[in-house]
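Engineer: Take a look at this one; I'll ask things after.
The values are calculated or read from the model by the stated rules, or taken from the named source; none is laboratory data. Note that the structure is a prediction, hence the values are computed from the model and not measured. Cβ: placed from backbone, ideal geometry, glycine included. Neighbour counts: every protein chain shown. Please note that ligands, DNA and RNA were not included when accessible areas were found on the heavy atoms of the full protein model with its side chains. Shrake-Rupley method; radii C 1.70, N 1.55, O 1.52, S 1.80 Å.
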Amino acid sequence: MHAGFPLPDTEWDATREFWAGAARGELVLPRCDACGSFNWYPREQCRSCGQGAFTWTPVSGHGRLFSWSVVRHPFLPQFRDKVPFVPGLVAIDEDPRVRLVTEIVDCDPGELTFDMPVEVVFRELRFPGVEGRVTAPLFVPARGAS
Ligand SMILES: [Zn+2]
C-alpha cells in the first residue's frame, strides 16, 4: 500500500501512462501494435493475439454501463465524505470486452440502467487526511442519452 492510499499510485509503471493521460484530460489505453485490440488492465501479452507490444492510444471516452453498485456506508474512513457513491464497470465503445473499473458521478443512482450510454469526465480525487490529489477518468450518463 503506497503512502497516498486510497489515491491511485500514479507512479506504478504498468498504469503510469493511464494517469498521465487523465491529467491531460485524455482517456488512453494500451492498444496492441500487432492486432489493434485494446487491453485493460495492462498485460504483458495481448489477450487477442498473444503479442507483447502496446501503444497507449486515446479512446473516445464513450461507453456503456456494464455493472455498478451504490455504496452508502464508507468501508474506509477516507470515504466518509464521499458516500453515497457509485463504483461501476464501463465497457468502452471501441471494444465492449474492455471494461474499466471506475465511478459513475453526477447521476441519480435510481436512474442507472444496464447498457446505458455513459461518457468520460475528468475529476480530481482527494480524500480527507490524505495528501495529494489525482485526476481520474470517471463517467457520467451521456448527455442526450435516451
Ligand atoms: Zn493483439
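Engineer: Quick check for you: with a 1.4 Å probe and neighbouring chains kept, what is the accessible area per residue of the stretch 45-115, in Å²?
Structural biologist: Roughly 59 Å² per residue, with all protein chains present.
Engineer: Just check the chain against the gyration tensor rule for me: Cα atoms, a ≥ b ≥ c as the square roots of the eigenvalues, rounded for a/c under 1.5, and otherwise prolate or oblate depending on whether a/b exceeds b/c.
Structural biologist: Note, shape of the chain comes out oblate.
Engineer: Would you tell me the accessible area of F114, worked out with a 1.4 angstrom probe on the heavy atoms of the protein chains, in Å² to the nearest 10?
Structural biologist: Counting only protein heavy atoms, F114 exposes about 130 Å² to solvent.
Engineer: When all protein chains stay in place, what accessible area (Å², nearest 10, 1.4 Å probe) is found for S37?
Structural biologist: Ignoring ligands and nucleic acids, S37 comes out at about 20 Å².
Engineer: Let me ask another. Is the shape of the stretch 68-146 rounded, prolate or oblate, going by the alpha carbon gyration tensor and its root eigenvalues a ≥ b ≥ c, with a/c under 1.5 for rounded and a/b larger than b/c for prolate?
Structural biologist: Taking the square roots of the gyration eigenvalues as a ≥ b ≥ c, the stretch 68-146 is prolate.
Engineer: Tell me the label-point distance for the pair V134, D33, using the 7 Å Cα-to-Cβ offset, in nm and rounded to one decimal.
Structural biologist: 2.7
Engineer: Once you have a ≥ b ≥ c as the square roots of the Cα gyration tensor eigenvalues for the stretch 41-106, tell me rounded if a/c is under 1.5, and otherwise prolate or oblate according to whether a/b is larger than b/c.
Structural biologist: prolate
Engineer: Please give the solvent-accessible surface of R64 in Å², to the nearest 10, using a probe radius of 1.4 Å with every protein chain present.
Structural biologist: The accessible area comes out at roughly 100 Å².
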